[in-house]
Amino acid sequence: FRVHNKISRGSAEQIARGTIVLFSASYTSIYQFRVPESAKSGTSVGRIVATDRDIGKNAEMFFTIVSGDGMDMFDIATDKDTQDGVISVGKPLDFEKKPSYTVEIQVQNTQVDPRFMSAGSKDMATVRIGVEDVDEPPLFYKASYLMEVKEDAAVGVAVGSVSAMDPDGARSMVKYSIDRRTDMDRLFNVHPGNGSVFLLRTLDREESAWHNISVTATEFNNPRQSSHVPVYIRLLDINDNAPTFATMYETFVCERTKAGQRIQTVSAVDADEPSTGHKFFFSLAPEGTHRSNFTVRDNGDNTAGILTRRASYSRLHQSVYLVPVVITDGDYPMQSSTGTLTVRVCTCDREGNMELCNAEALSSSPGLSTGALIAILLCAIILLMIVVLFTALKRQRKQEPLIISKEDVRDNVVSYNDEGGGEEDTQAFDIGALRHPDAAAALEESAKQRRDIIPTDTLLYPPHRRPAPATSGLIMPPVSMASQDNRDVCEFINQRVLENDCNPTAPPYDSLATYAYEGAGSVAESLSSLGSASSEGEQDYHYLSDWGPRFRKLADLYGADDSDFS
């Protein structure tokens with residue numbers, strides 16, 4: 001908003017042929033504006049209006065800030081459409097540092113005619129701008145913090161501290177915390193009151209030399225007001241790692257050589273980074289000095305040479321030598337380690353080039369090596385497994401299945417493809433053999449008991465006849481021939497059923513035997529309708545009329561009297 005305090009300074013009739021520019025119709029104006037301290041650079045503060053009775057280019061004007069304590073804090077520009085002066089924020093404002101500013105603004109035409117300069121072609125206005133206090137988040141004293149700590153520092157040791165304050169006049173208390181998204185491993189923590197950063201876990205510079213975290217400052221009275229600051233923590237190196245060989249060395253020595261011959265040059269590496277640089281020392285381990293076949297010579301440049309102490313070596317006597325080398329660094333506290341160098345004895349040519357190093361490959365070796373024996377044994381086992389598998393498959397192919405197809409059923413079913421004539425048909429099956437088992441006993445002894453197998457044992461229950469009853473002094477009633485024949489057939493069938501049920505040597509094949517014998521004393525009697533004494537005419541079908549219209553036609557057919565059809 002703007003407030004126009006118009007103070008008269010001259011006559012309103014002062015006009016100079018349209019070239020005089022006046023603020024608010026020839027009155028010297030005092031403008032007052034207010035802007036919050038949180039306004040960003042370029043934010044509009046207010047507009048200043050000037051009038052000019054000319055038109056076109058002669059009415060164009062521009063504004064400038066000519067004096068005042070806010071010359072560096074604010075800017076002014078001309079709106080091309082309305083020819084108003086627009087005041088904007090030039091630099092960040094701070095109510096706590098300066099709550100208000102005053103500037104003098106001048107306006108004049110862009111097209112100035114020298115003929116009317118004496119009459120005046122510019123005007124001045126005073127603008128007072130007040131800065132409003134805004135609740136701001138805490139402000140850290142530094143834009144970022146750099147801290148250093150030794151990698152062997154104990155848990156709980158303070159690494160450094162951060163500090164922030166509430167820039168508002170209320171000076172609210174501030175509490176500190178760590179943004180855990182920047183410290184997923186929870187290595188650090190900060191005291192909520194004084195901002196001290198300390199360790200929660202031990203550190204290792206060789207794993208990570210730098211840690212970057214973010215500390216948050218929040219107002220107690222308004223937790224929504226918070227700010228962040230980055231904290232960079234550098235770990236200082238401690239000599240806590242021993243040097244080791246730079247690589248895995250493959251060293252050999254010729255069977256014929258000379259004493260003091262250098263066969264290998266070794267170097268070392270160290271995970272630590274001393275400020276003065278690495279310095280390594282090499283020596284032969286004490287356990288290797290006794291009857292040593294090799295020696296170690298330190299070159300003084302972080303390398304060492306492995307030298308021979310004999311003029312000849314024999315693969316037959318010893319094909320591999322282990323040389324223990326002690327590597328020591330020059331930092332404090334001193335660290336050292338023992339590396340073992342493997343030296344193989346090889347056959348070489350005259351120029352010292354390696355030809356053969358494997359002791360197992362010597363042509364003079366009378367026997368086979370362990371590796372060769374193992375390989376031969378594995379090959380033999382594989383061949384044996386192949387033979388066993390082939391034999392098993394071959395035997396499985398020779399065995400015929402019980403049922404090859406659906407048509408080849410191994411049941412004991414005898415089909416004659418014709419309909420028998422019953423008991424009257426004696427050509428299809430002679431039942432006389434069943435009625436006279438004694439006559440067929442001799443044939444049954446040699447015949448197969450079952451058509452699907454050949455029995456290997458004798459009958460468990462040989463056929464026998466009941467002893468004839470004594471007739472002396474007694475007169476037996478006459479027995480009909482039919483009942484005697486039926487008794488013999490029943491006894492024959494029961495005997496055969498018992499033999500087949502109790503024979504343990506018979507395989508579990510299904511067996512169907514047809515004897516064309518119906519039996520006597522059936523409860524159901526005959527199921528045939530040929531001998532039925534009843535006829536259809538004697539049955540009553542009048543009940544069909546009670547079944548509804550769907551059965552009316554059937555009731556008419558069966559319920560009609562014979563006279564109806566005559």
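For the reader, a short list of remarks on this structure follows.
- Looking only at region 282-292, and only at residues there that are surrounded by 15 or more Cβ atoms within 10 Å (Cβ to Cβ) and assigned to a loop (DSSP other than H, G, I, E, B), the one that is modelled with the lowest pLDDT: SER292
- Hits in region 172-182 - residues which are in contact with a Pro (Cβ under 6 Å, 6 or more places away or on another chain) and either within 19 Å of ILE233 (Cα to Cα) or open to solvent by 50 Å² or more (accessible area, probe 1.4 Å) (or both): LYS175, TYR176
- Region 250-261 residues that are touching a residue at least 12 places away in the same chain (Cβ under 8 Å) and under 15 Å from VAL320 (Cα atoms), paired with ones that are of a type in the set (D, E, K, R) and surrounded by 14 or more Cβ atoms within 10 Å (Cβ to Cβ) (beta carbon under 7 Å, 6 or more apart): PHE252/ARG344; GLU255/ARG315
- THR216 being closer than 19 Å to LYS142 by Cβ, in contact with a His (Cβ under 6 Å, 6 or more places away or on another chain) and not hydrophobic (A, V, I, L, M, F, W, C): yes
- Only one of the numbered conditions (1) among the polar types (S, T, N, Q); (2) in a helix (DSSP H, G or I); (3) modelled with pLDDT under 85 is violated by SER405, and that is (2).
- Considered as a group, the residues in region 340-355 that are under 53 Å from the mean Cα position of the chain (by Cα) and farther than 26 Å from THR289 by Cα include one that is most open to solvent (accessible area, probe 1.4 Å), and that residue is GLU355.
- For region 262-311, the set of residues classified as of a type in the set (Ser, Thr, Tyr) and closer than 15 Å to PRO324 by Cα consists of THR265, SER267, SER283, THR289, SER292, THR295, THR308, listed by residue number.
- Qualifying residue in region 189-200 (condition: aromatic (Phe, Trp, Tyr), touching a residue at least 24 places away in the same chain (Cβ under 8 Å) and surrounded by fewer than 18 Cβ atoms within 10 Å (Cβ to Cβ)): yes
Let's see how each residue does on (1) surrounded by fewer than 17 Cβ atoms within 10 Å (Cβ to Cβ); (2) assigned to a strand (DSSP E or B); (3) of a type in the set (S, T, N, Q):
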| position | (1), (2), (3) |
| --- | --- |
| VAL127 | no, yes, no |
| GLU148 | yes, yes, no |
| ALA153 | no, no, no |
| ALA170 | yes, no, no |
| MET184 | yes, no, no |
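- Only one entry in VAL21, VAL3, VAL66 is out of contact with any Pro (no Cβ under 9 Å at 6 or more places or on another chain) and modelled with pLDDT of 80 or more, namely VAL66.
- Filter pass, ILE233 being crowded, with 17+ Cβ neighbours inside 10 Å, touching a His at 6+ places or on another chain (Cβ under 7 Å) and in a strand (DSSP E or B): yes
- Residue within region 241-264 that is open to solvent by 70 Å² or more (accessible area, probe 1.4 Å), of a type in the set (Asp, Glu) and closer than 29 Å to GLU151 by Cα present: no
- Residue in region 43-62 that is at pLDDT 85 or above, within 60 Å of the chain's Cα centre (by Cα) and open to solvent by less than 70 Å² (accessible area, probe 1.4 Å) present: yes
- With respect to being surrounded by fewer than 19 Cβ atoms within 10 Å (Cβ to Cβ), within 51 Å of the chain's Cα centre (by Cα), at negative phi and part of a strand (DSSP E or B), GLU136 falls outside the description.
- Answer from THR303, THR391 - the residue that is surrounded by 11 or more Cβ atoms within 10 Å (Cβ to Cβ) and either modelled with pLDDT of 85 or more or in contact with a Phe, Trp or Tyr (Cβ under 8 Å, 6 or more places away or on another chain) (or both): THR303
- Residue list for region 319-350, filter: in contact (Cβ under 8 Å) with a residue 40 or more places away in the chain and of a type in the set (S, T, N, Q): SER319, THR328, GLN335, SER336, SER337, THR338, THR342, THR347
- Whichever residue in region 310-329 is of a type in the set (Ser, Thr, Tyr) and open to solvent by less than 30 Å² (accessible area, probe 1.4 Å) and, among such residues, is nearest to THR340 (Cα to Cα): TYR321
- If you go through region 206-221 and pick out every residue that is open to solvent by less than 30 Å² (accessible area, probe 1.4 Å) and either of a type in the set (Val, Ile, Thr) or in a loop (DSSP other than H, G, I, E, B) (or both), you end up with 4.
The values are calculated or read from the model by the stated rules, or taken from the named source; none is laboratory data. These figures come from a predicted structure and were not determined experimentally. We place every Cβ from the backbone using ideal geometry, glycine too, and count neighbours over all the protein chains shown. Note: areas computed on protein heavy atoms with side chains; ligands, DNA, RNA excluded. Shrake-Rupley method; radii C 1.70, N 1.55, O 1.52, S 1.80 Å.
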